[in-house]
């Protein structure tokens, strides 16, 4: 443990994993704790948040699990208030919640569009609405939004709503970074590329012929480094941006994709 986050309270949304293995949020929550942070782990499924919390406490860290639907303003307000009640402050807000649903404007239903926008985009608006006031009182804070390279480029097949919400995160990140710079609040965004996490397995496998092993192989081969990244690659990028090592960095969009976007530029 290097204790890069010692003394800090980190609120992680989407801190559970959607299936076996290490999702971005689960890895980030554990990494923050390993670096000395007290973690408030939030997930729509309480059991997923509790699994992450147990991993942290079993390693000697401090973590409290909390259930919330981050597309609900009442839930998000309660989440922020509970974190403040338990730990007394919020130093880092890590916005990790996201869902993937495929289809362009013709194939995707209105219900699917609205669902993805609510979970991926409105949730960030709500978490920032309810957490930033606490950071303003502290005159400090760091917000890390987890986006995707799907917000800046085509990555093989249409998933319009997902791409649109991830593009929106870039604008939201830049806007808030400027608005709150003088208040000591930094806002940055991590853009993972093709990642091997539990999130990709069910919603995307049909686009690769319906076979998980084939999907993983195809995605690995499409990356210049010859492999996908994983939840830890996203987590380490987020850790840097959240930490004081990045104290002069705000409004940045950090691409983490094994050179995939650079090859297409």
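The values are calculated or read from the model by the stated rules, or taken from the named source; none is laboratory data. Remember, predicted model here, so these are calculated numbers, not experimental data. Heads up, the Cβs are rebuilt from the backbone with ideal geometry, glycines too, and the neighbour counts pull from every protein chain shown.
Checked against (1) closer than 20 Å to residue 124 by Cα; (2) buried (at least 24 other Cβ atoms within 10 Å of the Cβ), residue 69 passes all but a single condition, namely (2). Per the conditions (1) at pLDDT 95 or above; (2) out of contact with any strand residue (DSSP E or B) (no Cβ under 9 Å at 6 or more places or on another chain); (3) over 30 Å from residue 182 (Cα atoms), the sole criterion not satisfied by residue 65 is (2).
Annotation for region 227-239: at least one member residue is touching a strand residue (DSSP E or B) at 6+ places or on another chain (Cβ under 7 Å), assigned to a loop (DSSP other than H, G, I, E, B) and surrounded by 14 or more Cβ atoms within 10 Å (Cβ to Cβ).
Got at least one residue in region 94-101 being over 21 Å from residue 165 (Cβ atoms) and in contact with a helix residue (DSSP H, G or I) (Cβ under 7 Å, 6 or more places away or on another chain)? Within region 94-101 (the criterion being over 21 Å from residue 165 (Cβ atoms) and in contact with a helix residue (DSSP H, G or I) (Cβ under 7 Å, 6 or more places away or on another chain)), the answer is no, since none of the residues qualifies.
This table checks each residue for (1) part of a helix (DSSP H, G or I); (2) modelled with pLDDT under 95; (3) touching a strand residue (DSSP E or B) at 6+ places or on another chain (Cβ under 6 Å); (4) buried (at least 19 other Cβ atoms within 10 Å of the Cβ).
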{"position": "161", "(1), (2), (3), (4)": "yes, no, no, yes"}
{"position": "164", "(1), (2), (3), (4)": "yes, no, no, no"}
{"position": "172", "(1), (2), (3), (4)": "yes, no, no, yes"}
{"position": "175", "(1), (2), (3), (4)": "yes, no, no, no"}
{"position": "178", "(1), (2), (3), (4)": "yes, no, no, no"}
{"position": "187", "(1), (2), (3), (4)": "no, no, yes, yes"}
{"position": "200", "(1), (2), (3), (4)": "yes, yes, no, yes"}
{"position": "207", "(1), (2), (3), (4)": "yes, yes, no, no"}
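Only one entry of 14, 21 meets the criterion of being modelled with pLDDT under 95 and touching a helix residue (DSSP H, G or I) at 6+ places or on another chain (Cβ under 6 Å), and that entry is 21. Is it the case that region 231-244 has a residue that's free of Cβ contacts under 8 Å to residues at least 60 places away in the same chain and farther than 24 Å from residue 134 by Cα? The answer is yes, given that some residue of region 231-244 is free of Cβ contacts under 8 Å to residues at least 60 places away in the same chain and farther than 24 Å from residue 134 by Cα.
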